[in-house]
Amino acid sequence: ADLVERVRRIPGVTRASAVSVLPMSAVGVEFDLPFTVDGLGATSPSEGPRARYRAVMSDYFQTMGIELKQGRVFDQYDGRENGPKVTIVNESVVRRYFGSLDPIGKLVRMPMAGDLQIVGVVADIRHDGLEASTEAEVFVPYFQFPLSEMQIVMATDRDAGSVAGMVQTEI
């Protein structure tokens, strides 16, 4: 969190955040988790809902240009001590597991992460390459379940090469 804040202060950086796995990267902490939602039953455990778990810091979706489709994005209070336990799902989760039901406000139960209220839906992105299909993804605020490895993301209004050296200095 301190590093992300320092990167945000670098001249030319317009946004900065962090994620557990960068899109189209083999680097990072990635895993699929089963989950349950009240009122959504599965015919067998193997058919139950599963999604890729992504830990993100606030401003991730805005930094990456990932469109918010419904609800809201995370703020700096989500996932903090005594704050609400929340999640954002992607469109694939909604299509596969909710159909025509509105997911906003539903409680998702995940191992390790606990009970999370869905507060938003974001557009699908292709994590595994431009030709790959989209996967069900659940995004959770970093502070709710911190991971030991995160990737910094940033947007800049300058040449990325000129900003990269300053980011390396901060790291």
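The values are calculated or read from the model by the stated rules, or taken from the named source; none is laboratory data. Small disclaimer: the values here were computed from a predicted structure and weren't measured. FYI the Cβ positions are ideal-geometry reconstructions off the backbone, even for glycines, and counts take in every protein chain you see. All accessible areas refer to the heavy atoms of the entire protein, side chains included, with ligands and DNA or RNA removed. Shrake-Rupley method; radii C 1.70, N 1.55, O 1.52, S 1.80 Å.
Things worth noting here:
- Taking every DSSP beta bridge that has both ends in the chain, the antiparallel portion is near 70%.
- Rolling a 1.4 angstrom probe over the chain with all protein chains present gives an accessible area of which 50% lies on carbon and sulfur atoms.
- Reported label for calculated Cα extents along the principal axes in Å given [x] 62, 40, 29; [y] 54, 41, 27; [z] 40, 36, 30: [y]
- Helix 160-170 and the longest principal axis of the C-alpha atoms of the chain enclose an angle of approximately 90°.
- Euclidean distance of C-alpha centroids, region 141-171 and region 55-119, integer Å: 22 Å
- Taking a sphere under 10 Å around the Cβ of Ile10 and counting the other residues whose Cβ falls inside, with K and R at +1 and D and E at -1, yields a net charge of +3.
- If R0 is 30 Å, the Cβ-Cβ spacing of Arg96 and Thr169 corresponds to a FRET efficiency of close to 0.10.
- Largest mean-square fluctuation among Met24, Met150, Met64, in a Gaussian network model of the chain whose springs join Cα atoms under 10 Å apart, belongs to Met24.
- Average accessible surface area per residue within the chain, 1.4 Å rolling probe, Å²: 52 Å²
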